[in-house]
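Notes follow the structure.
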Amino acid sequence: MKFTCDQQSLVKALNIVSKAVTSRTTIPILKGILIKTETDDKIVLSSSDLEISIETKMKANIDDEGSIVVSAKLFNDIIRKLPMGTLIIEVNEEGVIRIISGYSEFTLQGLEVDEFPKITNEKDGKEMVFEKRLLRNMIKGTCYAASIDESRGIITGVLMEVSKDMITMVALDGFRMAIMREKITNESEINIIIAARIMNEIGKILNENEDDEEIKIIVDDKKTIFELKDTKIVARQMEGNFIKYKDILPKNNRIKLKINKNQLMDSVERCSIIVREGKNSFIRFKMEDDSFIITSRSDEGSTREEVKIEKDGENIEIGFNAKYMADTLRILNDTDVYMEFNTSISPCMIKPLKGNKYEYLILPIRLSTGNI
């Protein structure tokens, strides 16, 4: 195999496929990237950790057809360090890869192509087409709330529900929950769960493919395929039933307040500075008619913030994990939001002023007089 290509284009392609390369394996081939010629002017780069597989195509001038698997880390490191311009990459009959750029030359030993996992080309299943921006924003707005503890099973995943007029994504970890909804026009109805770590990688790829306006999604019983113009992602679906999240949502909240999201976020982040990780990593919210008093205290010091609100309901005092509150506020784009409460030990709900585009639920921390 021999081809020439642009160094920057190859770096971009490697950024995409490297997201499916795992370092947590004893199988050497899963630490590699498959490079193969496709046509006279394109090569295909592929990677897989058996749960997510990625293929991306890029332009190249093909002199000799062929394929080889390269060490992802080593190949990445070399290509990134080479100067911008044209690269010559060739592979001999012994599987030795030669990389030439100007006066620089590297040789690497390739791996056997036959051992590389086969990435499915089957496209039987329900098909949907979404705006890329829509899916990217929904991933950003939900995945952060999924559990990162792999022993927690299904809640390490993100639920995607698609009806004929709505797509809903849900993630939760037992302490918080994120729900996002978008109106769509669609013929298929699906209900799938995909690991949050995989969805996060898909979100990053959507950010890197600036030219694509739409993404096609193909769903069967075991896998979901996400297709862009030059990139295909195959994600294995999680098995099992997701938590009945609608049953968790509070039906009636007695206290409702309107607040400026940016002012609240800035105050929460300043209060977070003073609290250390551990038992005191929380902040206290106290309602005083038209004010939200936010305080935190640790052995190192204390802080007090005040944010103006419009409130309907009684005054209460409630505590929250500082990180959970900040994480949620950070991903919201609205200027003002509603916060709803029932008691000092029931969840807080964060909603938009109009519609139901999102709902965020955060469980409180039970406060005692000795907390702060």
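A short reminder: the numbers here are calculations on the coordinates, not readings from a lab. Note that the structure is predicted; figures quoted are calculated from it, not measured. With ideal geometry, Cβ positions are generated from the backbone for all residues, glycine too; neighbour counts draw on all protein chains shown.
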Worksheet entry | Helix 196-208 axis, angle to the chain major axis (alpha carbon atoms, nearest 10°) | 70 degrees
Item to complete: On each of the three principal axes of the Cα atoms of region 190-251, give max minus min coordinate, whole Å, ordered largest first.
Response: 42, 26, 19
Worksheet item: Could you state the number of Å between the C-alpha centres of region 1-35 and region 37-93?
Response: 7 Å
Fill in: Karplus 3J(HN,Hα) series, Hz, for region 115-130 with 6.51 cos²θ - 1.76 cosθ + 1.60 (x for Gly, Pro)
7, 6, x, 6, 9, 4, 10, 5, 10, 7, x, 6, 10, 9, 10, 10
Response to the item:
In vacuo Debye sum over C-alpha of region 126-246, base-10 log of normalised intensity I(q)/I(0) at q = 0.12, 0.17, 0.19, 0.21 Å⁻¹, listed in q order, is -0.39, -0.81, -1.02, -1.26
Worksheet item: Points 7 angstrom from Cα along the Cβ direction at Asp336 and Val96: gap in nanometres?
Response: 7.2 nm
Worksheet, complete the sentence: Mean projected area, convex hull of alpha-carbon positions in the chain, reported to one decimal in nm², is 22.0 nm²
Discussion item. As a footprinting exposure proxy, order Asp49, Asp114 by other Cβ within 10 Å, with the fewest listed first.
Written reply: Asp114, Asp49
Fill in: For Arg181, Arg133, order by how many other beta-carbon atoms lie within 10 Å, fewest first
Arg133, Arg181
Worksheet, complete the sentence: In Å, the Kirkwood hydrodynamic radius from C-alpha pairs for region 311-372 sits at 12.8 Å
Worksheet item: Across bins of 5 angstrom width beginning at 0, how are the C-alpha pair distances of region 2-115 distributed, in whole percent?
Response: 2, 12, 24, 27, 21, 9, 3, 0
Worksheet item: Computed FRET efficiency, Cβ-Cβ of Thr185 and Asp77, R0 56 Å: what is it to the nearest 0.05?
Response: 0.80
Discussion item. From the Cα trace of region 249-362, what convex hull volume per residue do you get, rounded to a whole Å³?
Written reply: 95 Å³
Worksheet entry | Pairwise label distance in nanometres, Ile243 with Lys12, each label 7 Å out on the Cα-Cβ vector | 4.0 nm
Item to complete: Taking a cut-off of 15 Å between Cα atoms, list the aspartates and glutamates near Lys81, but don't count ones fewer than 8 places away on the same chain.
Response: Asp6, Glu105
Response to the item:
Taking only Cα atoms of region 1-56, the Rg to Rh ratio with Kirkwood Rh works out at 1.00
Response to the item:
In whole angstrom, the spacing between the Cα centers of region 123-159 and region 246-311 equals 29 Å
Worksheet item: Mind checking the dipole of region 36-94: about its Cα centre, +1 per Lys or Arg Cβ, -1 per Asp or Glu Cβ, Debye to the nearest 20?
Response: 420 debye
Response to the item:
Comparing Asn76, Asn252, Asn260 in a Gaussian network model of the chain (Cα, 10 Å), the one with the largest mean-square fluctuation is Asn252
Worksheet item: Any idea what diffusion coefficient region 47-104 gets from Stokes-Einstein, in µm²/s, Kirkwood Rh on alpha carbon pairs, 10 °C, 1.306 mPa s?
Response: 118 µm²/s
Worksheet, complete the sentence: Given 4 °C, 1.567 mPa s and a Kirkwood radius over Cα pairs, the Stokes-Einstein diffusion coefficient of region 154-223 in µm²/s is 97 µm²/s
Worksheet, complete the sentence: Calc'd 3J(HN,Hα), region 359-367, phi into Karplus 6.51 cos²θ - 1.76 cosθ + 1.60 (θ = phi - 60°), Hz, glycine/Pro = x, comes to 9, 10, 10, 10, 6, x, 9, 5, 9
Response to the item:
Subtracting the Cα-Cα distance of Asp289 and Glu269 from 0.36 nm times their residue separation yields 4.9 nm
Worksheet item: Farthest toward the dipole's positive end in the chain, which of Asn262, Ile54, Leu134, given Cβ charges of +1 (Lys, Arg) and -1 (Asp, Glu) about the Cα centre?
Response: Asn262
Discussion item. Quick check: residue separation of Thr86 and Lys256 times 0.36 nm, minus the Cα distance between them. What number comes out in nm?
Written reply: 55.1 nm
